[in-house]
Amino acid sequence: MAQDIVFIEALKVDTVIGVYEWEKTIQQTLQFDVEMYTDISQAAQIDDLSKTVDYAIVAEDIVNLVKQNQAELIETVAEKVASHILTSFPVERCRIKLRKLGAVASTASVGVFIERTK
Ligand SMILES: Nc1nc2c(c(=O)[nH]1)N=C([C@H](O)[C@@H](O)CO)CN2
């Protein structure tokens, strides 16, 4: 199994998210940390982006996915993002930490941390 990781840190996406009615009328910020387990050795050997995971494309996909799929729970969002990454990129395993910023008073952050395997 690949031990290499391509990662994205602190990707922020503004979207409609939440369980309560008042949350469905505002935009809130989700923040993603994503770790994608993939073998980078071939890409490194021949210096070729097409042989690894393009983090810019993944980041763009996450923004589009979140904005196009309105959800109540951050669990739903994290699961969708993980599923997309595993089915669309050469990634064996991914770990996603998803924070909902400013959601709960007096906290540094709240969120979910999931790990999914192909
Ligand atoms: N495990 C979760 N707990 C809560 C969620 C959530 O998505 N997952 N969401 C809410 C509300 O939408 C909250 O963010 C508003 O205060 C509460 N708990």
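Identify the chymotrypsin sites (Phe, Trp or Tyr not before Pro) of the range 19-83 meeting these criteria: DSSP loop state and at most 10 other C-beta atoms within 10 Å of the C-beta. Write down the numbers at each step before the final one.
Details: sites: TYR20, TRP22, PHE32, TYR37, TYR55; in loops: TYR20.
Sites meeting the loop and neighbour criteria: TYR20.
Rounded to whole Hz and in sequence order, give me ³J(HN,Hα) for the range 6-18 from the Karplus expression 6.51 cos²θ - 1.76 cosθ + 1.60, θ = phi - 60°, writing x for Gly and Pro.
Running phi through 6.51 cos²θ - 1.76 cosθ + 1.60 with θ = phi - 60° gives 9, 10, 10, 10, 6, 6, 9, 9, 8, 7, 8, 8, x Hz.
Taking the chain as a Gaussian network, where each spring joins two C-alpha atoms under 10 Å apart, which residue of VAL63, VAL53, VAL77 fluctuates the most?
VAL63
Report the number of Lys pairs in the chain whose alpha-carbons are under 21 Å apart, with separation of 8 or more residues or on distinct chains.
16
Compute the angle between helix 74-88 and the longest alpha-carbon principal axis of the chain, please, reported from 0 to 90 degrees and rounded to the nearest 10.
Approximately 20 degrees, to the nearest 10.
At 7 Å along the Cα-to-beta-carbon direction for both TYR20 and ALA59, put a label point, then send me their distance in nm to one decimal.
3.2 nm
Using unit Cβ charges (K, R positive; D, E negative) and no other charged atoms, how large, in debye to the nearest 20, is the dipole of the range 24-118 about its Cα centre? Don't skip to the end; give the middle numbers.
Details: 11 positive and 13 negative charges, 87 e Å.
It comes to approximately 420 debye.
From the P(r) of the chain, could you give the percentage of C-alpha pairs in the tail past 23 Å?
On the way: 2174 of 6903 pairs.
When all Cα pairs of the chain are counted, 31 percent exceed 23 Å.
Mind checking the angle between helix 55-68 and the chain's longest principal axis? C-alpha axes, 0 to 90 degrees, to the nearest 10.
Result, in degrees: 30.
Throughout, read-outs are computed from the coordinates displayed, never taken from laboratory work. Since this is a predicted model, take the numbers as computed values, not measurements. Neighbour counts are summed over all protein chains in view; Cβ atoms, including those assigned to glycine, are modelled from backbone coordinates with ideal geometry.
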